[in-house]
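Below is one structure, written out as structure tokens; comments come after it.
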Amino acid sequence: MKSLQSRQVKRPGPRELDVEKHCKKHGVDAAETKKLVKLLGRHAPLHELHANAPPKQPRWR
């Protein structure tokens, strides 16, 4: 009998990010950062940060 290898892809890296650093990197203002920290805590998964982040301002040319 052959043994089958799992084809599941595992992506190494931190599972949770620092909310304040993420907001600073993506240009979220201080008031929104404070709301996100209150809502999610100091560390949160990336998908929760993206789901709860405010919409980005359009960059005009």
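A few comments on the model shown:
- Filter pass, residue 9 being among the β-branched types (Val, Ile, Thr) and open to solvent by less than 80 Å² (accessible area, probe 1.4 Å): no
- Members of the range 8-25 found to be at pLDDT 90 or above and of a type outside the set (A, V, I, L, M), listed by number: 18, 20, 21, 22, 23, 24, 25
- Residue count, the range 17-42 (criterion: open to solvent by 50 Å² or more (accessible area, probe 1.4 Å), touching a Lys or Arg at 6+ places or on another chain (Cβ under 9 Å) and not in a helix (DSSP H, G or I)): 1
- Residue under evaluation residue 56, criteria (1) open to solvent by 100 Å² or more (accessible area, probe 1.4 Å); (2) assigned to a helix (DSSP H, G or I), criterion not met: (2)
The values are calculated or read from the model by the stated rules, or taken from the named source; none is laboratory data. What you are looking at is a predicted structure, and each value in this text was computed from that prediction instead of being measured. FYI the Cβ positions are ideal-geometry reconstructions off the backbone, even for glycines, and counts take in every protein chain you see. All accessible areas refer to the heavy atoms of the entire protein, side chains included, with ligands and DNA or RNA removed. Shrake-Rupley method; radii C 1.70, N 1.55, O 1.52, S 1.80 Å.
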